[in-house]
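Read the structure below first, then the notes.
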Amino acid sequence: SPAGINCGSICSANYAANSVVTLTATPLPGLAFTGWSGACSTATTATCTLTMSKALSVKANFSK
């Protein structure tokens, strides 16, 4: 949230400077969320909240 991003294997979205963006990793059936890398690497749950003060890169990691 806010609206504007719904990812498959790769995606991107543009947000206004200083927007607060919340990402929620939702695994496909048979997969488990194993953590974030990039700007969300310190998040400990499947939800990560970022302030878009600059261009940021995030990766949600999943495994079987």
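The values are calculated or read from the model by the stated rules, or taken from the named source; none is laboratory data. These numbers come from a predicted model, not from an experiment. Just the protein is used for accessible areas: all its heavy atoms, side chains included, with ligands, DNA and RNA removed. Shrake-Rupley method; radii C 1.70, N 1.55, O 1.52, S 1.80 Å.
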**Message:** If I compute solvent accessible area with a 1.4 Å probe over the protein chains, what percent of it on the chain is carbon and sulfur?
**Reply:** 54
**Overall dimensions of the chain as given by Cα atoms, namely Rg and Dmax in Å** = 11.7, 36
**Request:** Using the heavy atoms of the protein chains and a 1.4 angstrom probe, tell me the accessible area per residue for the chain in square angstrom.
**Result:** 71
